[in-house]
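Encoded as structure tokens, the structure appears first; notes follow it.
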Amino acid sequence: MWDAIIVGARCAGSATALLLARQGHKVLLLDRASFPSDTLSTHFLWPRGCSYLNRWGVLDEVLVGAPGLSHVNFARDGIAFAARTPLKQVERRLHAVHGDGTGAVTTHVSVRRTVLDQWLVEKAIAAGVEFRPGAAVKRLVFDGDRVVGAAGDGFEERGRLVIGADGRNSFVAKAVQAPVYDERENATFAYWTYFSGLGLKEAVMEKRGRLCVVIVPTNFGAGMALVFGPKAWYPQFREHFQENYMRAIAFVNPGLEEKVRAGHQEERFYGVGDQRAFKRQCVGQGWLLVGDAACIKDQCTAIGMTHAFRDAELAAACIGNLEDYARRREADLADYYEFVDRMAGMALATPDDMRFMRGVQANPELADEFAAMYGDALRVDEYIAEGRPRVPLLGDDVPSPDGLACLL
Ligand SMILES: Cc1cc2nc3c(=O)[nH]c(=O)nc-3n(C[C@H](O)[C@H](O)[C@H](O)COP(=O)(O)OP(=O)(O)OC[C@H]3O[C@@H](n4cnc5c(N)ncnc54)[C@H](O)[C@@H]3O)c2cc1C
């Protein structure tokens, strides 16, 4: 009899397994994949995400292979500023959510999933977790309405709790018929690949019109370069995605296109067309969901792994009180969920947005807090709360072209 059987061994599953094992629980971790293994995702971690890794003793290993980054260079329709998440914001948030702000860092990192997920699995094993790769869960075991185990080809295991950490299309969620709610329509398409020789040492996140480019140094001396836009443009973009990818970068910032063209493409292109957001009921009799299994958000703010780590800490803290897990998780998630939904619409900047961005550009403290808000260290409702310095009006705004023309 296991204390917990965890289905899925990436950001959410391995982290939950590691924390439960460190509390002395007997944990079985199952994944249908063999590790190291990649997944269809980019891999940027904001300071809050890095802080979780630091709290668990994984960050140092991660930073051996992937460069730690001190700030993000943001730009919106030509309004550019560099911003560093203040340490006190990360500490405050960790304290508010977990009752303990220790281990907070201001580092950002973009770490390949082949590396990060492997480190998490290894740390979990070192903590005493039994890990079985290549174990696809195909059936849950019930006693009445209560989940009491998980089974697949050649195995059936019993446990006090089955934790679904099995991603967006969660088998566990489907098997327990966890209701889906709060679905959203806004979503982006995204294409990315990897280049050596880009000569960029920090993260760049630039938007123009309805397109965005993110370039971040990552493992193996390469930089990950991502383009995204509104999901309605996906069919058109996909038709000639290689040309459109370059055109989109040139539209957002011709200087970035030059750097990318001067680099050497190291891998094939990866793409996704639509990542509409939804939430699932995340607890029930004998089961609990963490990470993407419990809630999907669009990729446009790069927050999914950070939220998977948050879920792991909350799940480990609330193992004896699943309703408490659901309540604390939702309280932390609600306003950022709205924020991602707004961002995923990839709307054109309004004159008010432009005034706001100019105000942020002119005030380093507001700029740093903007980064804290973007990476979900500072709550969005606190960032935009009344009483903040009013954003000055610095001139007339020229609406930018939306970027569709560059794809035609
Ligand atoms: C295009 C894109 C870009 C993104 N970029 C970022 C980013 O920059 N930063 C960020 O923080 N987040 C990003 N995300 C989100 C991030 O990828 C996810 O939030 C994160 O992977 C969730 O982790 P997870 O452990 O919950 O699930 P997953 O990573 O999906 O892992 C689920 C695991 O469960 C296993 N599994 C599934 N079914 C079974 C079964 N029946 N039996 C056994 N095992 C099973 C799978 O093999 C897999 O290993 C991005 C997502 C996308 C799509």
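The values are calculated or read from the model by the stated rules, or taken from the named source; none is laboratory data. Here the structure is a predicted model, which is why all the values come from computation and not from measurement. All Cβ positions, even for glycine, are placed from backbone atoms using ideal geometry, and neighbour counts span all protein chains on display. SASA here: full protein model, heavy atoms, side chains in, ligands and nucleic acids out. Shrake-Rupley method; radii C 1.70, N 1.55, O 1.52, S 1.80 Å.
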Qualifying residue in region 315-332 (condition: assigned to a loop (DSSP other than H, G, I, E, B), of a type in the set (A, V, I, L, M, F, W, C), under 28 Å from Gln281 (Cβ atoms) and open to solvent by 30 Å² or more (accessible area, probe 1.4 Å)): yes
Filter result for Arg92 (touching a strand residue (DSSP E or B) at 6+ places or on another chain (Cβ under 9 Å) and not hydrophobic (A, V, I, L, M, F, W, C)): no
Flag for Gln265 being away from the ligand (no atom under 16 Å from the Cβ), modelled with pLDDT of 95 or more and within 30 Å of Ala15 (Cα to Cα): no
Inter-residue pairs, beta-carbon under 7 Å, first of a type in the set (Gly, Ala, Ser) and in region 321-348, second part of a helix (DSSP H, G or I), 6+ apart: Ala344/Cys300
Residue list for region 14-34, restricted to those being outside any helix (DSSP H, G or I) and open to solvent by 10 Å² or more (accessible area, probe 1.4 Å): Gln23, Gly24, His25, Lys26, Asp31, Arg32, Ala33, Ser34
Filter result for Val58 (more than 13 Å from the ligand (Cβ to nearest atom), within 19 Å of the chain's Cα centre (by Cα), under 22 Å from Pro133 (Cα atoms) and not acidic (Asp, Glu)): yes
Strands (runs of 3 or more DSSP E) (entirely within region 218-302) containing at least 2 residues that are under 23 Å from Ala371 (Cα atoms) and under 20 Å from the mean Cα position of the chain (by Cα): 222-230
Among residues of region 71-104, those that are within 20 Å of the chain's Cα centre (by Cα) and under 17 Å from Ala203 (Cα atoms), counted: 8
Residue within region 181-196 that is at positive phi and away from the ligand (no atom under 14 Å from the Cβ) present: yes
Residue list for region 274-296, filter: open to solvent by 30 Å² or more (accessible area, probe 1.4 Å), modelled with pLDDT of 95 or more and within 12 Å of the ligand (Cβ to nearest atom): Asp292
Residue in region 49-63 that is touching a residue at least 60 places away in the same chain (Cβ under 8 Å), aromatic (Phe, Trp, Tyr) and outside the structural domain of Asn169 (by TED's automatic domain parsing) present: yes
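This table checks each residue for (1) away from the ligand (no atom under 16 Å from the Cβ); (2) open to solvent by 30 Å² or more (accessible area, probe 1.4 Å); (3) closer than 17 Å to Gly197 by Cα.
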position: Gly229; (1), (2), (3): no, no, no
position: Gln236; (1), (2), (3): yes, yes, no
position: Arg261; (1), (2), (3): yes, yes, yes
position: Val272; (1), (2), (3): no, no, no
Filter result for Glu91 (outside any loop (DSSP other than H, G, I, E, B) and modelled with pLDDT under 95): no
Yes/no for Arg355 being open to solvent by less than 60 Å² (accessible area, probe 1.4 Å), assigned to a helix (DSSP H, G or I) and either assigned by TED's automatic domain parsing to the domain that holds Ala232 or not β-branched (Val, Ile, Thr) (or both): no
Positions within region 358-408 being open to solvent by 80 Å² or more (accessible area, probe 1.4 Å) and at pLDDT 90 or above, in sequence order: Gln361, Pro364, Glu365
Any hit, region 19-31, residues being away from the ligand (no atom under 13 Å from the Cβ), at pLDDT 95 or above and acidic (Asp, Glu): no
